[in-house]
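Working notes, structure below.
FYI, it's all coordinate maths here, none of it is from the lab. The structure displayed is predicted, hence computed values, not measured ones. Here the Cβ positions follow ideal geometry from the backbone for every residue, glycine too, while neighbour counts run over all protein chains shown.
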Amino acid sequence: MARRTIIAGNWKMYKTHEEAVSTTLALIDGKGGMKGREMAIFVPAVFAREVASMSKGKGLDVGMQNMYNQKEGAFTGENSPVMVKDAGCRYILIGHSERRHVFGEKDEIINAKVRAAYEFGLEPMLCIGELLEEYEAGKSKEVCRNQLIADLRGITVDQMKVMTIAYEPVWAIGTGKVATPEIAQNIHAYCREVLTELYGKETGEIIPLLYGGSVKPDNAAGLLSQTDIDGLLVGGASLKADSFIAIANA
Ligand code: PEP
């Protein structure tokens, strides 16, 4: 089975309703052939239903950026996996570095969210990646390995068929410091080794591994040319349809 290539955008906590609608329309109208790549956007919860309904059948997949791990209950301010699914989302982003490091999410809760995604029919995109001090101490691989093992605890080979992993070194997110294609490829190849160790060669080979961290139209092609980089997760440069489309076609 061939590995999919996915170009995903993370709008973070940006955009008014009007901007969300106009950006979605511009993406649908302008994305073109995209060399057989898939396009997805992770939008703020309040826009999810409308953006998903606008995008249905138009080759633009939609996900939310976070959810809680319970079906329902007294969890003020949270969205449940049932709500994400009911809004029309295909994907759910889990363990983004801003969830880990701004909101203090630990691997245990991230693992519970991954399990909940499967329970309620969502496709998880799991983010992993090391902090600057861990990178400087040569611990990138160790951190990624530990996160993969902890966050995927209890997940089966079958479930992994609809998993996407995004390697996002925290030092590269929103900083303008992109990892070179060689640095990213080295970590991606290692993550694939870990996934192969955990789930076997067949599964390890097909899991799409996306890179994220200061991706722009001018560095996207170099990253995508690497053997184990199967797509991109783009924050800032996904906010404008033009630059996101340029990245998707790079
Ligand atoms: C992100 O939000 O996942 C991200 C990678 O952001 P940026 O592209 O702005 O670094």
With x for Gly and Pro, the residue-by-residue ³J(HN,Hα) of segment 166-175, computed from phi through the Karplus equation 6.51 cos²θ - 1.76 cosθ + 1.60 at θ = phi - 60° and given in whole Hz, is 10, 8, 10, x, 4, 5, 9, 7, x, 9
So what is log10(I(q)/I(0)) for segment 1-157 at q = 0.14 1/Å, when the Debye sum runs over its Cα atoms only? -0.76
Across segment 185-192, in residue order, what do the Karplus-derived ³J(HN,Hα) couplings come to in whole Hz, using 6.51 cos²θ - 1.76 cosθ + 1.60 with θ = phi - 60° and x for Gly and Pro? 4, 4, 6, 4, 4, 5, 4, 5
Ratio of segment 120-233's C-alpha Rg to 2.2 N^0.38 Å, to two decimals? 1.02
Can you flag which of K139/K216; K56/K201; K71/K141 are past 31 Å Cα-Cα? K56/K201; K71/K141
At 7 Å along the Cα-to-beta-carbon direction for both H101 and K216, put a label point, then send me their distance in nm to one decimal. 2.0
Under a 5 Å amide H to amide H cut-off, with H placed in plane at 1.01 Å, what residues pair with G9 once short-range neighbours are removed? A40, I41, F42, V234
Hypothetical label at S22: residues of segment 217-250 whose amide nitrogen lies under 15 Å (7 Å Cα-Cβ projection): 239-243
For segment 199-216, in order, what is each residue's ³J(HN,Hα) by Karplus, 6.51 cos²θ - 1.76 cosθ + 1.60 with θ = phi - 60°, in whole Hz (x at glycine and Pro)? 10, x, 5, 4, 6, x, 6, 9, 5, x, 10, 9, 9, x, x, 6, 6, 9
Between K56 and D242, with labels modelled 7 Å along Cα→Cβ, what's the label distance in nm to one decimal, could you check? 3.3
log10 I(q)/I(0) for segment 20-88, Debye formula on C-alpha points only (no solvent), q = 0.14, 0.17 Å⁻¹, two decimals, reads -0.46, -0.63
Full-extension gain in nm, R4 to T175, via 0.36 nm per residue minus C-alpha separation: 58.8 nm
Residues of type aspartates and glutamates that K240 reaches as a straight line, Cα spacing below 16 Å, ignoring anything fewer than 8 places off in the same chain: E18, E19, D29, D218
Taking Cα centroids, how far is segment 205-250 from segment 115-155 in Å? 19
Measuring from label point to label point, each 7 Å out along Cα→Cβ, what is the V157 to Q70 span in nm? 3.6
25 °C / 0.890 mPa s Stokes-Einstein diffusion coefficient of segment 92-170, Kirkwood radius on C-alpha pairs, µm²/s: 193
Find, among the trypsin sites (Lys or Arg not before Pro) in segment 1-52, those assigned to loop by DSSP (not H, G, I, E, B) with at most 12 other beta-carbon atoms within 10 angstrom. none
Residues whose built amide H sits under 5 Å from the amide H of H96, excluding neighbours closer than 5 in sequence, are C127
Find how much the distance from Y14 to L198 grows on full extension, using 0.36 nm per residue of separation minus their present alpha carbon separation; answer in nm with one decimal. 62.6 nm
